[in-house]
Amino acid sequence: MALATEPTRNGVAPPMSADVVIRMEGVQKWYDQFQVLKDIDLEVHRGERIVICGPSGSGKSTLIRCINQLERHQKGRITVNGVELGPHHRQLDLVRREVGMVFQSFNLFPHLTVLENCMLAPLKVRGTTKAEAKATAMRYLERVRIPEQADKYPGQLSGGQQQRVAIARSLCMNPKVMLFDEPTSALDPEMVKEVLDTMIGLAEDGMTMLCVTHEMGFAKSVAHRVIFMDRGEIVEQNTPEEFFSAPKSERTRSFLGQILAH
Amino acid sequence: MIRAFGYNEFLFLLSAVQWTLLLSVIAFIGGGIVGLFVALGRTSDVKPLRLLATGYIQLFQGTPLLMQLFLVFFGATVVGIDMSPWVAAAVGLTLNTSAFLGEIWRGCIQSVPRGQWEAASSLGLRYPGLMRYVILPQAVKVAVPPTVGYLVQVIKGTSLAAIIGFVELTRAGQIVNNATFQPFLVFGIVAAIYFALCWPLSLLSQRLEARYAAPSR
């Protein structure tokens, strides 16, 4: 039996007793008249790995973007690491320092080298020394296995390499939670694996992760919990085994039928 | 008594170029500093700032530069400030330039993809750092060619300062013409001098545009 704080892989129950890192209660969001999030309740525990899937427009990206407030919710409460997100910048700053995010389109800073990309936030947000920021950056670049690219510019790297740099850049802030917004969707097929392998490595180290992805193989092998969203609601959530073998709702079945058919 | 247009008259025109250039430089630097704030206001999340900057730009783009110079020059007298044509021209041109540069730079700032703002924000950078380290360095690359191009407009705009009595190239032309009465020759030379100042800048702007349009490193 693994310790509660060190969840084992592959669907073993997540450490429910451990502390809650993210709590969403009755979260709602509209774009004008269109409701994108309908009464979302979600608790994420430390060390837990969640995969969120669902058809496009189901609100899954919006959900994770609300956690670091790239999108503002209009109703309900979101608490991250004990800080409730409100209208004030102070809470937002506290939350964003602890929450890393990886985007579909990498979003590396093209005018900075790989190393500078990784050093910027620790230097300017955390106020670490240059030597320290550089050491941290190199450590994480080694971890994503591209230290030799440190002095290149993002435009000189392949998509898979760029996404690994983006992961390293987030890790340099030493986040408590990592959010992934379709991290492999913009990649050529042959580059998907290197990014997924990096994410699996993170999972093995006990990182709390929320991934919006359609990589069901990843979900099966890494997630503690799979959440299915449709039309702004959480329709179903379960362990990967139950989710894939015995989906409860009709909408989940039809979604799985579509993405697993081929 | 009519004088002939000779070497001395030509030298007089040439020496007036320094005032045209100095006024241009002042308008450009002043306009650039104010223009940066106008551009930041225009792209701000804060609505009052955005409206203020928009109004400012509309005001200066929607009225002739000459009227703006008149209003500064005579307006100062109305409120009891004795403003020399020099200062009035510098202030008027600075305001005008800032509105145009502000609008050009707004476009450059907005050309930086949304994802860059999101990535910087998600790393915890707040507005000043986000602008300084992420957005502006990328916007500057886009901004250089149109900004150099706009410098041509600034140089030509300084000719209007002649009307409020500031002796720069155009006003020097008028003075020489009053003495020699050879308008075609005199203003032909004045125009040729303007062209000699502006053309290289236009070429530079085109070259910069071609260079920055090339695929990035």
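Suppose we filter A:Arg139, A:Arg72, A:Arg143 for residues that are within 23 Å of the chain's Cα centre (by Cα), more than 11 Å from every other protein chain (Cβ to nearest Cβ) and under 25 Å from A:Gln35 (Cα atoms); which single one remains? Can you show your working first?
On the way: A:Arg139 fails: under 25 Å from A:Gln35 (Cα atoms); A:Arg143 fails: under 25 Å from A:Gln35 (Cα atoms).
Only one candidate passes the filter, namely A:Arg72.
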Q) On the given criteria, is B:Val154 over 21 Å from the mean Cα position of the chain (by Cα), among the hydrophobic types (A, V, I, L, M, F, W, C) and surrounded by 20 or more Cβ atoms within 10 Å (Cβ to Cβ)? A) no
Q | Unmet requirement for A:Asp197, which otherwise passes all of (1) buried (at least 19 other Cβ atoms within 10 Å of the Cβ); (2) more than 12 Å from every other protein chain (Cβ to nearest Cβ); (3) more than 30 Å from B:Tyr212 (Cα to Cα) | A | (1)
Q: Sort out which residues of the stretch B:176-189 are buried (at least 17 other Cβ atoms within 10 Å of the Cβ) and either of a type in the set (S, T, N, Q) or under 27 Å from B:Met83 (Cα atoms) (or both), and write them in order of number.
A: B:Val176, B:Asn177, B:Gln182
Q) Where in the stretch A:12-123 are there helices (runs of 4 or more DSSP H), lying fully within it, with 1 or more residues that are over 23 Å from A:Ala203 (Cβ atoms) and at pLDDT below 95? A) A:89-98
Q) When only residues in the stretch B:88-131 that are assigned to a helix (DSSP H, G or I) and β-branched (Val, Ile, Thr) count, which is surrounded by the most Cβ atoms within 10 Å (Cβ to Cβ)? A) B:Thr97
Q. Which of the residues that make up the stretch A:210-221 are touching a Gly at 6+ places or on another chain (Cβ under 9 Å) and either hydrophobic (A, V, I, L, M, F, W, C) or in a strand (DSSP E or B) (or both)?
A. A:Val212
Q) Quick one: what pairs do we get from the stretch B:53-78, first residue touching a residue at least 60 places away in the same chain (Cβ under 8 Å) and surrounded by 16 or more Cβ atoms within 10 Å (Cβ to Cβ), second not in a helix (DSSP H, G or I) and not charged (D, E, K, R), C-beta under 8 Å, 6+ apart or different chains? A) B:Phe73/B:Met83
Q: Report whether or not B:Leu136 is assigned to a helix (DSSP H, G or I) and within 14 Å of chain A (Cβ to nearest Cβ).
A: yes
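Among what's in the stretch B:116-146 and is of a type in the set (Val, Ile, Thr) and free of Cβ contacts under 8 Å to residues at least 60 places away in the same chain, pick the residue that is farthest from B:Asp45 (Cα to Cα).
Keep residues of the stretch B:116-146 that are of a type in the set (Val, Ile, Thr), which gives B:134-135, B:140, B:142, B:144.
Narrowing the set further to residues that are free of Cβ contacts under 8 Å to residues at least 60 places away in the same chain leaves B:134-135, B:140.
Details: B:Val134: 17, B:Ile135: 15, B:Val140: 20 Å.
Looking at residues that are of a type in the set (Val, Ile, Thr) and free of Cβ contacts under 8 Å to residues at least 60 places away in the same chain, I get B:Val140.
Residue-by-condition table, conditions (1) more than 10 Å from chain A (Cβ to nearest Cβ); (2) touching a helix residue (DSSP H, G or I) at 6+ places or on another chain (Cβ under 6 Å); (3) aromatic (Phe, Trp, Tyr):
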site	(1), (2), (3)
B:Ile104	yes, yes, no
B:Leu130	no, yes, no
B:Val144	yes, yes, no
B:Lys156	yes, no, no
B:Ile163	yes, no, no
B:Thr170	yes, yes, no
B:Gln182	yes, no, no
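The values are calculated or read from the model by the stated rules, or taken from the named source; none is laboratory data. This is a predicted model, so every value here is computed, not measured. No Cβ is skipped: glycine too gets one built from the backbone with ideal geometry, and neighbour counts run over all protein chains shown.
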